[in-house]
Every structure is written in structure tokens, then in C-alpha cells.
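This report concerns only the one structure given below.
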Amino acid sequence: MKLSEAPKLLALTADEIIVVAFLLFILPALGIKVPLPVTLLIIAVLVLKDFLIAPFVLRGGLRAKPSAGPESLVGKEALVIEDLSPEGVIKVAGEMWRAECLNGEAKVGNRVRIVGVEGAKLLVECPE
């Protein structure tokens, strides 16, 4: 586990810590007895919840970079196959894509960097 993940992990387990303290210490001190099977069931449900959402939270949640689809190509370099003036065709990761150059034009053979996606078209920055 990375050090940066420790606060996230602590936040995930905070509810279990609070519920355990409440069920095992606070309620009995007030004279309220919660049956042990009920206590264990509540804790088990909370732990299961953490196992289900922890991978999502620890891997960046909604900020995580997509690993598939055109969005996963953002940041990669591509080869111009058909002049981008401003639209044309590029090749990236062995696939041909329609692309639009956002800052000018690029000729066949130039390299461009993918900066975004608009529908099924990649948006690229062309060399100056």
C-alpha cells in the first residue's frame, strides 16, 4: 500500500471503527445489550461494503484515467496518415482514427499528440 492511500483506507474503515465502539462499548455502558450475532452481522456488512468499494476509491475513483475506448488514447502520440487541415486521419496503437488538429495543420508523416476526444474523433495538437 502506498503512503498516499493510507488516509483513504482510514476513511473507508472509519465507519467500522465507530460502529464497533458504539456496539461494544457505548451501548453496553448505557445498559443496552446488542446480541453478538447482530453485532457480527453489522460489522460483516460494513466490511463487505469496504471490499466492494475500496478498489474504486484507492485507484482514483472518478479521476482515474480510462483504460479502454478513445479516452484511453489521450496523452499518446500518433502518426498522421492523411493531412490534418484541420481534419484528417491518424494512426495510434495500430488503429486508424479521424482526427482534428486544434492548432493548425499537420502533414503526412508528422507526429501529433492526442489531447481530447469529441464523439468518435480524436482532438490533437499539431507541431508548430
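Filtering the range 99-128 to residues that are within 10 Å of Val80 (Cα to Cα) and of a type outside the set (A, V, I, L, M, F, W, C) leaves Lys107, Gly109, Asn110, Arg111. Taking every residue in the range 17-38 that is under 18 Å from Lys49 (Cα atoms) and pairing it with any residue that is among the polar types (S, T, N, Q), at least 6 positions away or on another chain, yields no pair with a Cβ-Cβ distance below 7 Å. Residue selection: Thr13 fails the criterion of being surrounded by 11 or more Cβ atoms within 10 Å (Cβ to Cβ), among the polar types (S, T, N, Q), at pLDDT 90 or above and outside the structural domain of Val92 (by TED's automatic domain parsing).
Lys76 meets all of the listed conditions (1) surrounded by 10 or more Cβ atoms within 10 Å (Cβ to Cβ); (2) among the basic types (Lys, Arg); (3) at pLDDT below 85 but one, namely (3). Name the single residue, out of those in the range 40-71 being under 14 Å from the mean Cα position of the chain (by Cα) and surrounded by 14 or more Cβ atoms within 10 Å (Cβ to Cβ), that is modelled with the highest pLDDT. Going through the qualifying residues, I end up with Ala54.
The condition of being under 26 Å from the mean Cα position of the chain (by Cα) and closer than 30 Å to Ala54 by Cα holds for only one of Val124, Val92, Val112, Val117, that being Val117.
The values are calculated or read from the model by the stated rules, or taken from the named source; none is laboratory data. Not measured: the values here are computed from a predicted model. Don't worry about glycine lacking a Cβ; one is built from the backbone with ideal geometry, like all the others, and counts go over all protein chains shown.
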